[in-house]
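To start, the structure under review is shown below, and the notes come after it.
No value in this document is a laboratory result; all are computed from the given coordinates. None of the values given here were measured: they were computed from a predicted structure. Neighbour counts are summed over all protein chains in view; Cβ atoms, including those assigned to glycine, are modelled from backbone coordinates with ideal geometry.
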């Protein structure tokens, strides 16, 4: 997301605001922006639930979520969110020089 934002002259630091701003200035397709916003919300929701469970169990929060430990719907949502991110990353790779 940072690449798209900077390419469009956007310097906002919040990821969700950056997605919206990049789409608003035409640096990111609206459909891609909407999908990335949803993916961000899904991934962070899973992350925050993981953090909460770790704190409740007396542990220290980390970002190491085991997809196999997720409920089936959450696992499916995570998989789709990661596919959205991967597709967006491939588009950035098409603009970057190899190597």
Among (1) surrounded by 15 or more Cβ atoms within 10 Å (Cβ to Cβ); (2) touching a helix residue (DSSP H, G or I) at 6+ places or on another chain (Cβ under 6 Å); (3) over 15 Å from residue 88 (Cβ atoms), the one test that residue 51 misses:
(2)
Are any residues in the range 12-34 in a loop (DSSP other than H, G, I, E, B), more than 18 Å from residue 83 (Cβ to Cβ) and in contact with a helix residue (DSSP H, G or I) (Cβ under 7 Å, 6 or more places away or on another chain), and if so, which ones?
12, 27
